[in-house]
Amino acid sequence: MPTFTIVAGARPNFMKIAPIIHVFQSQQKAGLVVHYRLVHTGQHYDRKMSGDFFDQLNIPEPHANLGGGGGTQAEQTAAIMIAFEKELLENRPDLVIVVGDVTSTLACSIAAKKLQIDVAHVEGGIRSGDLSMPEEINRMVTDSITDHFFTTSEIANYNLRKAGFSEDKIHFVGNTMIDTLLAQMPFFKKPEGQTFENLQTGNYFVMTMHRPANVDQEQSLKAMIDAILEGTGGLPIFFPVHPRTAKNLQNLGIEDPNLHLCEPLGYLEFNYLVKNAKGVITDSGGVTEEASVMNVPCLTLRDNTERPETVNLGTNVLVGTDPKKLKPYLDKIMKGDWKKYQGIPLWDGKTAKRIVDILVKSYS
Ligand code: UDP
């Protein structure tokens with residue numbers, strides 16, 4: 001009987017693991033013997049960044065919670081590695097499945113491989129080439145010890161081939177984040193509260209920002225928000241604030257009648273906002289994928305992306321981190337003059353099934 005341990009730690013992981021767990025559950029219901037353990041590393045631990053996603057995405061209670069949140073990158077990596085090693089010694093699986101590019105992805109893949117346990121990386125092979133982002137380091141280290149790469153794009157396959165990984169390890173399967181998006185779309189719901197009462201479809205913007213390059217320097221954060229307010233023609237801007245950004249934003253004390261700050265939203269509420277927005281302004285990778293599939297114009301406040309397909313085939317444009325660059329793009333969105341989503345191969349809602357089929361075959 002194959003046994004798998006699947007790891008999740010931070011917000012962008014939960015939407016990536018949910019469909020895989022649902023396939024495990026339906027296989028178990030159908031009488032197939034697949035044993036899995038879900039391990040939450042505790043990297044994100046508050047309700048708004050973790051618990052709500054379990055409820056909304058029907059993810060079952062984790063079998064273990066490692067409580068590895070807080071501290072610096074190294075402290076967090078170390079705490080998660082120590083706790084995950086213990087978990088693996090007590091419950092040794094055939095394979096550990098990690099997703100995405102967060103600290104937990106890196107820490108758990110290293111702990112597993114050092115115990116000679118195979119590692120599968122869902123969303124393997126993507127690269128921005130930007131080593132100033134901790135996520136890029138997490139991707140490179142994880143991929144260097146991965147046994148099964150489950151990739152979202154041909155570009156990821158190319159990156160892996162170029163790095164010398166053998167073809168039989170690379171499985172081009174699509175995007176589990178989009179499995180979740182397509183499955184949950186009928187359940188998207190308007191966020192509650194006065195802020196959202198007068199929401200008009202197609203007549204507002206959504207923004208998110210949490211990358212150090214954009215939010216750690218208060219004055220550059222202010223300059224970017226000012227440029228957004230100036231370029232969006234008086235339309236409301238809804239900005240669910242990531243905990244990483246909250247303190248600096250508070251210090252700046254920006255107040256504008258068109259800027260509506262709120263706590264991080266649940267998945268169903270956030271994607272309701274995105275789906276009905278005139279445009280999205282973000283530095284999140286996952287949001288560029290979701291906005292593309294929902295055919296909503298998307299401006300990325302970064303100089304590079306590990307998801308070039310969102311630019312080539314999706315609705316995403318790389319604006320960079322200079323606020324002066326924003327205006328022409330916002331003008332185009334305001335005029336309704338934007339490229340359309342052209343479809344990205346295998347982002348079809350069936351990725352998790354492909355992954356589980358491959359894994360069950362390999363380990364039965
Ligand atoms: N998201 C959410 N609520 C919010 C902001 C984002 O549910 O208030 C979701 C979003 O739909 C996407 C994921 O969180 O699925 C992206 O996470 P994040 O931006 O933290 O990570 P990144 O994609 O940048 O790694």
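Determine whether region 282-291 contains at least one residue that is surrounded by fewer than 18 Cβ atoms within 10 Å (Cβ to Cβ) and within 13 Å of the ligand (Cβ to nearest atom). Working first, answer last.
From region 282-291, those surrounded by fewer than 18 Cβ atoms within 10 Å (Cβ to Cβ) are none; that's our starting set.
Among the residues of region 282-291, not one is surrounded by fewer than 18 Cβ atoms within 10 Å (Cβ to Cβ) and within 13 Å of the ligand (Cβ to nearest atom), which makes the answer no.
Condition check: hydroxyl-bearing (Ser, Thr, Tyr), in contact (Cβ under 8 Å) with a residue 40 or more places away in the chain and in the same structural domain as Thr245 (by TED's automatic domain parsing). Does Thr208 satisfy that?
Here the answer is yes, as Thr208 does meet what is asked.
Working only within region 289-339, note down all residues that are of a type in the set (Val, Ile, Thr) and within 18 Å of Ala227 (Cα to Cα).
Scanning region 289-339 gives Thr300, Val317, Val319, Thr321, Ile333.
For region 53-91, what are the residues that are part of a helix (DSSP H, G or I), within 16 Å of the ligand (Cβ to nearest atom), modelled with pLDDT of 95 or more and of a type outside the set (Phe, Trp, Tyr)?
Asp55, Gln56, Gln76, listed by residue number.
Run His260 past the list (1) more than 11 Å from the ligand (Cβ to nearest atom); (2) outside any strand (DSSP E or B); (3) not charged (D, E, K, R) and report the number of the one that doesn't hold.
In the conditions (1) more than 11 Å from the ligand (Cβ to nearest atom); (2) outside any strand (DSSP E or B); (3) not charged (D, E, K, R), His260 misses (2) alone.
How many residues are closer than 24 Å to Leu235 by Cβ, of a type in the set (Ser, Thr, Tyr) and buried (at least 22 other Cβ atoms within 10 Å of the Cβ) when one looks only at region 296-353?
Of the residues in region 296-353, 3 are closer than 24 Å to Leu235 by Cβ, of a type in the set (Ser, Thr, Tyr) and buried (at least 22 other Cβ atoms within 10 Å of the Cβ).
For the subset of region 223-246 comprising residues that are touching a helix residue (DSSP H, G or I) at 6+ places or on another chain (Cβ under 7 Å) and in a strand (DSSP E or B), which member is surrounded by the most Cβ atoms within 10 Å (Cβ to Cβ)?
Looking at the filtered set, the residue picked out is Phe238.
Return a yes/no flag: does region 211-222 have any residue that is within 10 Å of the ligand (Cβ to nearest atom), crowded, with 20+ Cβ neighbours inside 10 Å and not acidic (Asp, Glu).
Within region 211-222 (the criterion being within 10 Å of the ligand (Cβ to nearest atom), crowded, with 20+ Cβ neighbours inside 10 Å and not acidic (Asp, Glu)), the answer is yes, since at least one residue qualifies.
Does region 263-281 hold any residues that are within 11 Å of the ligand (Cβ to nearest atom) and either in a loop (DSSP other than H, G, I, E, B) or on the phi > 0 side of the Ramachandran plot (or both), and which are they?
Quick first cut of region 263-281, residues within 11 Å of the ligand (Cβ to nearest atom) only: 263-275, 280.
Glu263, Pro264, Leu265, Gly266 - these are the residues of region 263-281 that are within 11 Å of the ligand (Cβ to nearest atom) and either in a loop (DSSP other than H, G, I, E, B) or on the phi > 0 side of the Ramachandran plot (or both).
Quickly run through region 247-257 and pick out the residues that are touching a Leu at 6+ places or on another chain (Cβ under 8 Å) and in a loop (DSSP other than H, G, I, E, B). Lay out the reasoning, then the answer.
So the first thing to find is which residues in region 247-257 are touching a Leu at 6+ places or on another chain (Cβ under 8 Å), and the list is 248-249, 252, 256.
If the condition is that a residue be touching a Leu at 6+ places or on another chain (Cβ under 8 Å) and in a loop (DSSP other than H, G, I, E, B), then Asp256 is the only one that fits.
Tally up the residues in region 346-364 that are closer than 15 Å to Ile97 by Cβ and acidic (Asp, Glu), please.
1
Would you say Leu249 is surrounded by 15 or more Cβ atoms within 10 Å (Cβ to Cβ), of a type outside the set (Val, Ile, Thr) and more than 10 Å from the ligand (Cβ to nearest atom)? Before the answer, list the steps.
Values: surrounded by 15 or more Cβ atoms within 10 Å (Cβ to Cβ): yes; of a type outside the set (Val, Ile, Thr): yes; more than 10 Å from the ligand (Cβ to nearest atom): yes.
Yes.
Is it fair to say Asn159 is in the same structural domain as Ile358 (by TED's automatic domain parsing) and surrounded by 15 or more Cβ atoms within 10 Å (Cβ to Cβ)?
For Asn159, the condition - in the same structural domain as Ile358 (by TED's automatic domain parsing) and surrounded by 15 or more Cβ atoms within 10 Å (Cβ to Cβ) - is met.
From the list Lys29, Lys16, which residue is within 17 Å of Val356 (Cα to Cα) and within 16 Å of the ligand (Cβ to nearest atom)?
Matching residue, one of Lys29, Lys16: Lys16.
Given Lys48, Lys113, which one is over 24 Å from Arg307 (Cβ atoms) and free of Cβ contacts under 8 Å to residues at least 60 places away in the same chain?
Values: Lys48 fails: free of Cβ contacts under 8 Å to residues at least 60 places away in the same chain.
Step by step, each of Lys48, Lys113 is checked, and only Lys113 is over 24 Å from Arg307 (Cβ atoms) and free of Cβ contacts under 8 Å to residues at least 60 places away in the same chain.
The values are calculated or read from the model by the stated rules, or taken from the named source; none is laboratory data. Values in this document were obtained by computation on a predicted structure and should not be read as measured data. Glycine gets a Cβ as well: all are built from the backbone with ideal geometry, and neighbour counts include every protein chain shown.
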